[in-house]
1. Give me the one-decimal nm value for the distance between modelled label points at GLU60 and SER124, 7 Å along each residue's Cα-to-Cβ direction.
2. With a/c under 1.5 counting as rounded, go ahead and sort the stretch 27-267 into rounded, prolate or oblate using the C-alpha gyration tensor (a ≥ b ≥ c being the square roots of the eigenvalues; past the cut-off, prolate if a/b is larger than b/c, else oblate).
3. When a/c reaches 1.5 or more, the comparison of a/b and b/c decides; with that in mind, is the stretch 199-239 rounded, prolate or oblate per its Cα gyration tensor?
4. To the nearest 0.05, what FRET efficiency results for ALA51 and ASP235 with a Förster distance of 30 Å applied to their C-beta separation?
5. Quick one: length gained pulling ALA175 to ASP331 fully straight, 0.36 nm per residue minus the C-alpha distance?
6. Could you line up ASP135, ASP192 from fewest to most neighbouring Cβ atoms inside 10 Å?
7. Rank the residues SER360, SER45, SER159 as a footprinting-exposure proxy: fewest other Cβ atoms within 10 Å of their Cβ go first.
8. Listed highest first by mean packing, meaning other Cβ atoms within 10 Å per residue, what order do 195-204, 168-177, 65-74 come in?
Amino acid sequence: MEIPAQRRSESERVVDLDHAATTRLRPEAHAAMEPFLTDRYGNPSGAHATARDAVRALDEAREQVAEHLGCAPGEVVFTSGGTEADVHAVSGGLPPRSGVPICPSTEHHAVLATVDVLGGTVLSVDRAGRIDLDDLRTRLAWLRTAATEETGPGPSVVSVMLANNELGTINDLDAVADVLADVAPGVPLHTDAVQAAPWLDVRERAAAADMVSISAHKFGGPRGSGVLVVRDRVDIAPLLHGGGQERGRRSGTVDVAGAVGLAAALAVTVADRRATAERVAGLRNDLLSRITAAPFAVRSTLGATGWPPPSGDDPDEVLPNFAHVLVADVDPEPLMFLLDAAGVRASSASSCSSGALRPSHVLSAIAAAGAGVEGAALRLTLGPETTADDVDHAVAALQAVIGRLRQHRSNPVVPGVAPDGSVPAVPTAGGTAVASGAGHS
């Protein structure tokens, strides 16, 4: 992928360390989409030449996606994104599947909220946020035993994300599938692979899953475009009823440009994934080692749990671009505010809280498992465009911001904010970064 030239001076530099939230549209995706935003505007549900052109483009995109995800083209359902795909998979469509949906407590809210609405059950996790397989086995066995006309239905689906969107830790879906096969054969397994898709071989890692969700904007595709893989062995009703598009599983005119852009971005991602992951893991490890050294008083969240911190050597540990840390003796809101002012884009938790800073359900879950999670949580996620210079800038900005916050911790006014609401300069590696506005992205 071509990396855009740096157009800003060092004082205006912006370093994006929030790639888990979203990514820049890849040039390949933009080029693939452009004709379908202008002249090739056909509705693939039609029968004339313009419509048939759209059908061919959609079929080609479907085949390309199927190849990379390890499924048949007919098992690919284009959606509006990861949330829709998750809700469809967990609910089973409308009307919902009969039974009790199950998921771990660290799932994305799209899964957790759907499980809650449907009266499902939530499983415990270990100190790294991974599913507790013993708890899964126990709950499945109890639900299967209790499934009578008097006590209610048995399990309807188990949803376990391939990689966590806050910590980056990876679940072993083969092990989950083994428990299902042993205790509750026939119950479908769904995985939210939204965070995993840019970094892991979903074709291999999610082979045991009956349903797989991905979202294009996590790997350089367009926002508002996603996929739900539904293996032919799975019974599922449409979530959106109407015209019967997508083989009757999702009604509504298909966004051809979005599907084509998703397929193009996924193709480039897969082609470059191994080399990109190795390079980015090295940068991530450098970032972590420097900010967890004195005088930062910053801890790797996973290292603090007693579980091995990211090493970059074992892909079964954590996604190669994730660095989740705990910052002692600072508050999260001014930390995020001043990092943004210093040109570092990061996240205090996940990216799906409407911009608000609120307690992380993931950190609460691992704390319940015995992890020590004191301090302000900071998620730093690198991307294909991240450079060594970006890491240098981020380290310098973190040092300056954390030092300022600790120095003024007793000040009731937001540290570093003048009475008129302006934000003074924050020293960085290349000199001084001056805030251009308030708030964080």
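1. In this crude spin-label approximation the distance works out to 5.3 nm.
2. Judged from the Cα gyration tensor, the stretch 27-267 comes out prolate (a/c at least 1.5, a/b above b/c).
3. Because a/c hits 1.5 or more and a/b fails to exceed b/c, the stretch 199-239 counts as oblate.
4. Working: r = 30 Å, r/R0 = 1.01.
The value I calculate is 0.50.
5. Details: separation 156, 0.36 × 156 = 56.16 nm, distance 3.87 nm.
That pair, ALA175 and ASP331, stretches by 52.3 nm at full extension.
6. ASP135, ASP192
7. Working: SER360 22, SER45 14, SER159 28.
If I rank by nearby Cβ atoms, fewest first, I get SER45, SER360, SER159.
8. Ranking the peptides 195-204, 168-177, 65-74 by packing returns 195-204, 168-177, 65-74.
None of the figures in this text is laboratory data; all of them are computed from the coordinates on show. As the structure is a prediction and not an experimental result, all values here were calculated from the model. We place every Cβ from the backbone using ideal geometry, glycine too, and count neighbours over all the protein chains shown.
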